[in-house]
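Remarks on the structure that follows.
The values are calculated or read from the model by the stated rules, or taken from the named source; none is laboratory data. These numbers come from a predicted model, not from an experiment. All Cβ positions, glycine included, derive from the backbone under ideal geometry; neighbour counts span all protein chains shown. Note: areas computed on protein heavy atoms with side chains; ligands, DNA, RNA excluded. Shrake-Rupley method; radii C 1.70, N 1.55, O 1.52, S 1.80 Å.
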Amino acid sequence: MKLAARAVFACLSLVGLAASGCNYAKPMMYVNVANHSGRSMENLEVQYSAGTFGLPELRSEQTHQRMLAFGTPCKFNIKFEDQAGKKYAETIDFGAKCPTEVSFEVGSGMSITEKLVRP
């Protein structure tokens, strides 16, 4: 009986490992948000087809990097506020295929530009 219980436990453990390993087989991309505006960005929110992530603050000359699962379509909505509470929003669409790495840079005037780092 002990041998059968060990065999069942071993099989279940292998199934669990195989199932958890699937998360690493998904195609992923890197998203960088860089603040070069000279001011802090507050309540940063990045929405994309597979989910949302955010930060309470991204100070000037700071960069935040996140690894995300590919989504279809490859569209990003970026929203944030400056220190005075003025709201900014931008939608960026890469079409049907996501690149493996992209950088969103916020420059003077709080404008957002995208840069394809790796296709």
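Scanning the stretch 37-62 for residues that are of a type in the set (A, V, I, L, M) and closer than 17 Å to Thr113 by Cα yields Met41, Leu44, Val46, Leu58. Among residues of the stretch 38-59 that are part of a strand (DSSP E or B), those with a beta-carbon under 9 Å from a residue that is open to solvent by less than 60 Å² (accessible area, probe 1.4 Å) and among the hydroxyl-bearing types (Ser, Thr, Tyr) at least six positions away or on a different chain give the pairs Met41/Ser60; Met41/Tyr88; Glu57/Ser40; Leu58/Ser40.
From the list Thr113, Thr100, the lone residue that is without any contact (Cβ under 8 Å) to a residue 40 or more places away in the chain, more than 18 Å from Asn43 (Cα to Cα) and exposed (fewer than 15 other Cβ atoms within 10 Å of the Cβ) is Thr113. Scanning the stretch 47-64 for residues that are open to solvent by 80 Å² or more (accessible area, probe 1.4 Å) and either hydroxyl-bearing (Ser, Thr, Tyr) or under 18 Å from Asp93 (Cβ atoms) (or both) yields Thr52, Thr63.
Once the stretch 84-97 is narrowed to residues that are assigned to a strand (DSSP E or B) and open to solvent by 60 Å² or more (accessible area, probe 1.4 Å), the residue that is farthest from Pro56 (Cα to Cα) is Asp93. Any idea which of Met29, Met67 is more than 25 Å from Gly109 (Cα to Cα), open to solvent by less than 50 Å² (accessible area, probe 1.4 Å) and part of a strand (DSSP E or B)? Of the residues listed, the single one that is more than 25 Å from Gly109 (Cα to Cα), open to solvent by less than 50 Å² (accessible area, probe 1.4 Å) and part of a strand (DSSP E or B) is Met29.
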